[in-house]
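K.L.:
Below is one structure. I have some questions about it.
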Amino acid sequence: MTGAEIEAFNADWLAAWTAKDVPRLTAFYAEDCIYKDPQTAGGLTGRVALSAYLTGLFGATPPMTYTPEETWKIANGFCGRWYCDIAGGGRMRGFDLVILKGREIALNEVYVHQLPE
């Protein structure tokens with residue numbers, strides 16, 4: 001993917017996170033993807049496991065708006081930095097490592113931290 005394609009992919013992907021649209025979001029991921037975030041440090045494997053995790057996560061969290069900040073093309077993927085504004089208060093800054101298999105996410109490692117209000 002070109003830099004512009006990566007930016008568009010990242011923006012669409014983060015929009016699916018904002019919408020909490022599990023089917024749309026998991027369509028970005030390869031069937032055998034690996035996903036890691038602070039709650040799943042051991043990782044999840046596969047789109048089915050990711051879908052179940054996201055369904056529970058989205059049901060337990062308030063609305064969140066993800067805004068892309070910057071992306072960097074790397075071999076086989078990209079890194080992306082973003083902000084997340086949480087309804088009711090709170091803001092996070094995050095960073096994704098994304099390894100692609102074609103146009104699907106094969107590996108996604110998510111790093112986040114809370115920002116002071």
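K.L.:
With the condition being under 28 Å from Glu117 (Cβ atoms) and under 12 Å from the mean Cα position of the chain (by Cα), I'd like the helices (runs of 4 or more DSSP H) fully within segment 1-93 carrying at least 3 qualifying residues. Give the steps one after another, and end with the answer.
P.N.:
Numbers: elements: 3-19, 22-26, 47-60.
By residue number, 3-19.
K.L.:
Here's a follow-up. Just one of (1) assigned to a strand (DSSP E or B); (2) over 27 Å from Ala4 (Cβ atoms); (3) hydrophobic (A, V, I, L, M, F, W, C) trips up Ile105, so point out which.
P.N.:
(2)
K.L.:
Scan segment 99-108 residue by residue and report those that are crowded, with 17+ Cβ neighbours inside 10 Å and either free of Cβ contacts under 8 Å to residues at least 40 places away in the same chain or among the acidic types (Asp, Glu) (or both).
P.N.:
Across segment 99-108, the qualifying residue is only Ile99.
K.L.:
Separate question: When you scan segment 103-117, how many residues do you find that are over 22 Å from Gly42 (Cα atoms) and in contact with a strand residue (DSSP E or B) (Cβ under 8 Å, 6 or more places away or on another chain)? Lay out the reasoning, then the answer.
P.N.:
From segment 103-117, those over 22 Å from Gly42 (Cα atoms) are 103, 115-117; that's our starting set.
Imposing the further condition that a residue be in contact with a strand residue (DSSP E or B) (Cβ under 8 Å, 6 or more places away or on another chain) reduces the set to 115, 117.
Adding up the residues that qualify gives 2.
K.L.:
Would segment 31-46 turn up any residue that is at pLDDT 95 or above, among the aliphatic types (A, V, I, L, M), buried (at least 17 other Cβ atoms within 10 Å of the Cβ) and in contact with a helix residue (DSSP H, G or I) (Cβ under 7 Å, 6 or more places away or on another chain)?
P.N.:
yes
K.L.:
What residue, among those in segment 60-98 that are closer than 19 Å to Asp21 by Cα and either in contact with a Pro (Cβ under 8 Å, 6 or more places away or on another chain) or of a type in the set (A, V, I, L, M) (or both), is surrounded by the fewest Cβ atoms within 10 Å (Cβ to Cβ)?
P.N.:
Here the residue is Ala60.
The values are calculated or read from the model by the stated rules, or taken from the named source; none is laboratory data. Only a predicted model underlies this, so the values are computations on that prediction, with no experimental measurement involved. Heads up, the Cβs are rebuilt from the backbone with ideal geometry, glycines too, and the neighbour counts pull from every protein chain shown.
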